[in-house]
1. Every residue in the range 182-224 that is basic (Lys, Arg), outside any helix (DSSP H, G or I), more than 15 Å from residue 236 (Cβ to Cβ) and modelled with pLDDT of 95 or more, please.
2. Within the range 11-29, can you find the residues that are away from the ligand (no atom under 15 Å from the Cβ) and of a type outside the set (Gly, Ala, Ser)?
3. Would you please name the residue that is surrounded by the fewest Cβ atoms within 10 Å (Cβ to Cβ), looking only at residues in the range 1-12 that are within 28 Å of residue 168 (Cβ to Cβ) and not hydrophobic (A, V, I, L, M, F, W, C)?
4. Please verify whether the range 27-38 includes one or more residues that are of a type in the set (Lys, Arg) and closer than 25 Å to residue 65 by Cα.
5. State yes or no: is residue 170 more than 16 Å from the chain's Cα centre (by Cα), of a type in the set (A, V, I, L, M, F, W, C) and crowded, with 20+ Cβ neighbours inside 10 Å?
6. Go through the range 30-45 residue by residue and tally those that are within 14 Å of the ligand (Cβ to nearest atom), in a loop (DSSP other than H, G, I, E, B) and surrounded by fewer than 16 Cβ atoms within 10 Å (Cβ to Cβ).
7. Check 94, 84, 177 and return the single one that is outside any helix (DSSP H, G or I), within 25 Å of residue 53 (Cα to Cα) and either of a type outside the set (S, T, N, Q) or modelled with pLDDT under 95 (or both).
Amino acid sequence: MSLHSHIEWTDATWNPVRGCTKISPGCKHCYAETFAERFRGVKGHPYEQGFDLRLVPEKLTEPFTWRSPKLVFVNSMSDLFQPGVPDDYVAAVGEVMVKANWHTYQVLTKRSERLTDMLNERLRFAAAQKHIWWGVSVEDRKYGLPRIEHLREAPAAVRFLSVEPLLEDLGNIDLDGIDWVIVGGESGPGARPIRKEWVISIREQCQSARVPFFFKQWGGVRKAVNGRKLDGRTYNEYPVRFAAPVPERAECFALARTLSRFR
Ligand code: SF4
């Protein structure tokens with residue numbers, strides 16, 4: 001777990017899975033892959049195996065050791081719902097989130113069909129928890145918009161969209177049942193351009209649907225210079241948070257010992 005994430009819409013990251021495979025145009029310049037591959041072959045480094053998929057069960061209990069309540073981006077370096085992650089393991093991640101309920105979790109995927117299937121069955125116990133936010137990436141119309149329909153079919157208490165990197169005008173988006181929208185442009189070498197009118201269109205749709213809108217960044221090769229102001233202001237809106245009080249330290253450790261995988 002990284003206690004201080006540089007990602008604008010979260011506090012911390014938790015990666016019980018590492019590595020992933022590309023699935024759609026939004027993955028083209030995947031920052032996680034770039035980072036992980038830098039350390040391929042470096043003995044003892046967490047990313048010694050580069051961006052190859054790897055389960056990291058020793059990380060499962062980390063949220064119990066972290067007693068100040070955080071917004072936690074789950075698997076910032078992977079995708080929990082990719083086919084190589086067994087159902088049992090996804091359920092174990094869900095169990096941690098349900099039990100360490102003083103944090104608020106942000107679970108984001110491009111594998112929206114599996115997300116919906118699992119929230120309807122194996123992850124049903126986690127779906128209705130208001131401190132767990134379930135989201136899909138929406139980078140374009142072809143791949144992104146159908147993910148919104150899958151998410152809507154999931155019995156999630158809180159649903160969100162990460163419209164990043166925004167690659168084209170998305171047109172009219174059905175925001176029914178959506179609780180939060182993040183928008184951002186791509187950053188780094190080779191970043192694909194974003195247009196202001198695409199962003200304004202989404203902001204206006206969020207405003208008329210009363211959905212919190214978070215503008216993360218314009219991106220580009222010089223992300224810091226381009227900043228994240230839209231029409232002179234910063235949009236940092238979030239859904240309402242419902243995290244539980246933090247238990248005593250001993251109780252946190254006792255809760256960790258109740259996890260199915262460790263009993
Ligand atoms: S799904 Fe996410 S983590 Fe996986 S390759 Fe695509 S951008 Fe990277």
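1. Correct list: 192, 195, 210.
2. Passing the criteria: only 11.
3. Among them, the one singled out is 6.
4. Checked the range 27-38: no residue is of a type in the set (Lys, Arg) and closer than 25 Å to residue 65 by Cα.
5. Against the criterion (more than 16 Å from the chain's Cα centre (by Cα), of a type in the set (A, V, I, L, M, F, W, C) and crowded, with 20+ Cβ neighbours inside 10 Å), residue 170 qualifies.
6. 0
7. 84
So that you can scan it fast, the table gives a plain yes or no per residue for (1) over 19 Å from residue 73 (Cα atoms); (2) buried (at least 18 other Cβ atoms within 10 Å of the Cβ); (3) not small (Gly, Ala, Ser):
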| residue | (1), (2), (3) |
| --- | --- |
| 122 | yes, no, yes |
| 125 | yes, no, yes |
| 133 | no, yes, yes |
| 164 | no, yes, yes |
| 188 | yes, no, no |
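The values are calculated or read from the model by the stated rules, or taken from the named source; none is laboratory data. Keep in mind that this is a model prediction, so the values were computed, not measured. Positions of Cβ are backbone-derived with ideal geometry, glycine not excepted, and every protein chain shown enters the neighbour counts.
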